[in-house]
Amino acid sequence: MIEIKNIRKSYQMGETTVHVLNGISLQIERGDFVAIMGPSGSGKSTLMHILGLLDIPTEGSYLLNGREVSTLSEDELAVIRREEIGFIFQQFNLLSRIEAWKNVSLPLLYSADGYNLERGRELLTQVGLADRIDHKSNELSGGQQQRVAIARSLVNNPAIIFADEPTGNLDSKSEKEIIEILHRLNDQGITVIIVTHEDSIAQQAKRLIRLRDGVVQSDERQRPLEQTNIPLGPGKPARPPKLPWKEIIEHLHQGFQTLAANKIRSSLSMLGILIGVAAVVGMLALGAGAQKSIEKQLSSLGSNLLVLRAGNVRVGGVVTQESSRIRLSMEDVMAVKNQVVGIRDVSPSSTGRAQVTYLDKNWNTTILGVTPSFAKIRASEPIYGRFFSDDENRKRALVAVVGITVVRELFGNKSPIGEMIKINKVNFRVVGVLPEKGTAGPQDQDDRIVVPVSTAMYRLFGRNYVDSVDVEVARAEDIPAVQDSILEVMNGRYRVPLSAQGDAFQIFNMADIQKAVDASSKTMALLLSSIAAISLVVGGIGIMNIMLVSVTERTKEIGLRKAVGARRRDILMQFLAESIVVSVCGGVLGILFGVGFSVLMAKLLGWTVVISSASVLISFGFSALVGIVFGSYPAQKASKLHPIEALRYE
Ligand code: ADP
Ligand code: MG
């Protein structure tokens, strides 16, 4: 079943070439029990690795069951290794973190439907370890470990077993047991090829081959080879071409275990992703909240609203006494209202801050002096009580309409209507409560008191000017024309020179503000996505780093997995699963932190936050993507390791 011709193997060591095998030709029949002996360094292990398809010869041909294997790809070799060959190493090579039965059925992870407890139990019973099924390898003696390794080599019903000094690390009692097991297997028809230093073992073999300096020195048959009539084996059914779910789940499970085993290291490597995702989720929530409250505010204003303010230009002509800056007067307001065509209503406002007291309670808030038109233009009809009248405005009456926040701070649960409050030590009667407006970013729109504009100007602030004028245009299509004629009237009143006419007055139009908001939210989105991209890349590099360490640390494990039949993509999948576990865990924690942070901001600062499921899903998706992208290089690296070189890695 094995036929090699003129096999040579040499290693390039810097300048010199080391010739290890110098033309070996052999034929080994089915059912034989072959012992290979030879001094240390004579090439026994090298020959075994080549025969066991773990290594490829530099030269020569190798027919296994009539098939030339030197031309096969790495993955094809892996499949033959796990379907037809069992390999037993001197160092046992068990995975120390998993139980004996899982070690035994490890090759099934790649060839069948995953670990198999029943098969593990059956084989461990065969090698006399029925009571050690659940033990990890560091809880087993050397002899027991080697028996687990033998059970593992049998799990796929191999036709040949290679054993490279299987008893080299064992006491003589264990040695005897191991050799007995191998003979029993040989009696069942399995071909056994064993490397040994023990004459006693060699004498029991059916055939003894001695190697020296990479050539066959002697080859003698010690016992006749009975013709076994065991068929070649049924040939295993090809694995159905579906996704190997059990294997993927096992890899994910393993990823979590590795994560749990290296808590500090894993959490540090998650930190980048965690911070990135938390920042993205938190900022998206705050951004969306700000956007929503601005939109709400804008929509409550109506799109036909213009706001007129004096600009920052000093001009000659009619100016107020206290500075040469233009100040809007009540006369200006009336002039605009009366001279400009197409205006439905105007509402001047004069703003300032003041200390407000009610009984023993104190509160500092915004005072807004307006005319009764404010209630309609700014959608602020009181929810309780009434607004003040034009008559009260004319008489500079001491009446106030209060916002919800002010009510809460000063009155608690009590109704404020009809109560007397002091604003800057002046007594006001509360006549109404404003409707709730919510927050605009950090600004609480309900923390204000509205009073008649003339009262505010002359009795509270001692001014004869207003800060701004809201103008409601009758028809939307007239807005540009109304805007132009307001400017014309105002520039005329103050005789603004032509050169300064662009800057002397500002008119905000809601459509422009809407556009500005849209533009700034686009900038915000761009900023957020660059922060997200940077932090995810940084997080990804952290994960790549840790995965490279993990691959290096587990080189031996990778070698073993490949030796028992893992293909490149099995190893690739294993390490990808692990990096995805790390990045997704980081991502999930990041989402939790981000949501927690936003909720905290909402609670503490009263900001509006909107946590959309889309932002959570996107963050989740991105963290998984980062795991795949940044895990793929380490995983590739792992999958390309050479089985024997990896096994030899210290
Ligand atoms: P044995 O198992 O008979 O003791 P080996 O087959 O392990 O011997 O090794 C035979 C020779 O090949 C040794 O001299 C060893 O130094 C050399 N050798 C084995 N592997 C390598 C390698 N990867 N690179 C260089 N030399 C190697
Ligand atoms: Mg050796």
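The values are calculated or read from the model by the stated rules, or taken from the named source; none is laboratory data. Since we're looking at a predicted model, the values are computed, not measured. In this analysis, Cβ positions are derived from the backbone assuming ideal geometry, glycine residues included, and neighbour counts consider all displayed protein chains. Heads up: the accessible areas ignore ligands, DNA and RNA and are worked out on the full protein's heavy atoms, side chains in. Shrake-Rupley method; radii C 1.70, N 1.55, O 1.52, S 1.80 Å.
For every helix of n ≥ 4 consecutive DSSP H residues, a contribution of -39,500 (n - 2.57) applies; sum these over the chain, divide by its total residues, and give [θ] at 222 nm rounded to the nearest 500 deg cm²/dmol.
-15000 deg cm²/dmol
Among ALA563, ASN491, GLN27, pick out the residue whose Cα is farthest towards the positive end of the charge dipole of the chain, where Lys and Arg carry +1 and Asp and Glu carry -1 on C-beta, about the Cα centre.
ASN491
If I model a spin label at LYS425 and ALA481 as a point 7 Å from the Cα along the Cα→Cβ vector, what separation in nanometres do I get?
Each label point is offset 7 Å from its Cα along the Cβ direction, giving 5.3 nm.
If you count, for each residue, the other Cβ atoms within 10 Å and average over each peptide, how do 70-81, 414-425 line up from highest to lowest?
Listed from highest to lowest mean packing, they are 70-81, 414-425.
Once neighbouring chains are kept in place and the probe is 1.4 Å, which whole percent of the accessible area of the stretch 327-493 is contributed by carbon and sulfur?
On the stretch 327-493, the fraction of accessible area on carbon and sulfur atoms equals 48 percent.
Using only the alpha-carbon atoms, how far is helix 510-553 inclined from the longest principal axis of the chain? Give it as 0 to 90 degrees, nearest 10.
Helix 510-553 sits roughly 20 degrees off the main axis of the chain.
If R0 is 35 Å, what FRET efficiency do you get for LEU625 and LEU604 from their C-beta distance, rounded to 0.05?
Calculated value: 0.60.
Answer with one residue from ILE50, ILE4, PHE87: the one whose Cα lies farthest towards the positive end of the charge dipole of the stretch 1-153, charges on Cβ with Lys, Arg +1 and Asp, Glu -1.
Result: PHE87, furthest along the dipole toward the positive end.
Stokes-Einstein diffusion coefficient for the stretch 372-457 at 10 °C in a medium of 1.306 mPa s, Rh from the Kirkwood formula over Cα pairs: what value in µm²/s?
122 µm²/s
Please list the non-local residues whose amide H lies under 5 Å from the amide H of VAL399, H modeled 1.01 Å from N, same-chain partners needing a gap of 5 or more.
Residues meeting the amide H criterion: ARG429.
Each residue of the stretch 403-419 in turn: what ³J(HN,Hα) in whole Hz from Karplus with 6.51, -1.76, 1.60 and θ = phi - 60°, glycine and Pro shown as x?
x, 4, 4, 5, 4, 4, 5, 9, 10, x, 8, 7, 6, x, 4, x, 7
Quick one: divide the alpha-carbon radius of gyration of the stretch 327-493 by 2.2 N^0.38 Å and tell me what you get.
My calculation over the Cα atoms of the stretch 327-493 gives 1.08.
If you wrap a convex hull around the alpha carbons of the stretch 438-486, what volume per residue comes out, as a whole number of Å³?
In the stretch 438-486, the Cα convex hull volume per residue is 152 Å³.
What list of ³J(HN,Hα) values in whole Hz, one per residue of the stretch 32-38 in order, does the Karplus curve 6.51 cos²θ - 1.76 cosθ + 1.60 (θ = phi - 60°) give from phi, with Gly and Pro shown as x?
6, 10, 9, 9, 10, 10, x
To the nearest 20 debye, what is the magnitude of the charge dipole of the stretch 47-180 about its Cα centre, counting +1 on the Cβ of each Lys and Arg and -1 on the Cβ of each Asp and Glu?
With only Lys, Arg, Asp and Glu charged at Cβ, the dipole is about 380 debye.
Given a cut-off of under 8 Å on Cα pairs at least six residues apart, what relative contact order in percent is computed for the stretch 409-553?
Once normalised by length, the contact order is 8 percent.
Pop out the ³J(HN,Hα) list for the stretch 622-630 in order, Karplus 6.51 cos²θ - 1.76 cosθ + 1.60 with θ = phi - 60°, rounded to Hz; leave Gly and Pro as x.
Here the 3J(HN,Hα) series is 5, 5, 5, 4, 4, x, 5, 5, 7 Hz.
Charges only on Cβ, +1 for Lys and Arg, -1 for Asp and Glu: so what's the dipole of the chain about the Cα centre, in debye to the nearest 20?
Value, rounded to 20: 1720 debye.
May I ask you to list the lysines whose Cα is less than 28 Å away from that of LYS395, ignoring any residue fewer than eight positions away on the same chain?
Those lysines meeting the cut-off are LYS337, LYS376, LYS422, LYS425.
Mind grabbing the base-10 log of I(q)/I(0) for the stretch 481-629 at q = 0.13 Å⁻¹? Debye formula, identical points on the C-alpha positions, no solvent, two decimal places.
-0.80
What does the convex hull of the Cα atoms of the stretch 2-239 come to per residue, in Å³, rounded to a whole number?
Value for the stretch 2-239: 134 Å³ per residue.
In whole percent, how big is the carbon plus sulfur part of the accessible area of the stretch 2-239, probe 1.4 Å, protein atoms only?
Taking all protein chains in place, the stretch 2-239 shows 47 percent carbon and sulfur surface.
Report, to the nearest 10°, how far helix 245-261 tilts away from the longest principal axis of the Cα atoms in the chain, using its own Cα long axis and a range of 0 to 90°.
Between the helix axis and the principal axis of the chain, the angle is about 70 degrees.
Once label points are set 7 Å from the Cα along Cα→Cβ at both LEU548 and ARG212, what is their separation, rounded to one decimal in nm?
4.9 nm
Near LYS263, which lysines are there with a Cα under 23 Å away, not counting those fewer than 8 places off in the same chain?
Leaving aside lysines fewer than 8 places away in the same chain, those within reach of LYS263 are LYS136, LYS556.
Express in % the proportion of alpha carbon pairs of the chain at distances exceeding 36 Å.
Counting every Cα pair in the chain, those more than 36 Å apart make up 60 percent.
Compute the Cα gyration tensor for the stretch 453-568, then decide on rounded, prolate or oblate, letting a ≥ b ≥ c be the square roots of its eigenvalues: rounded whenever a/c is under 1.5, prolate when a/b is larger than b/c in the other cases, and oblate in all that remain.
Prolate is the answer for the stretch 453-568, as a/c is 1.5 or above and a/b outweighs b/c.
Residues of the chain: accessible area per residue at 1.4 Å, in Å²?
Per residue, the chain has an accessible area of 47 Å².
Could you work out the local net charge near THR58, counting Lys and Arg as +1, Asp and Glu as -1, over the other residues with Cβ closer than 13 Å to its Cβ?
Around THR58, the surrounding residues sum to 0.
About the Cα centre of the stretch 2-239, what is the dipole size in debye to 20, counting +1 per Lys and Arg Cβ and -1 per Asp and Glu Cβ, all else neutral?
160 debye
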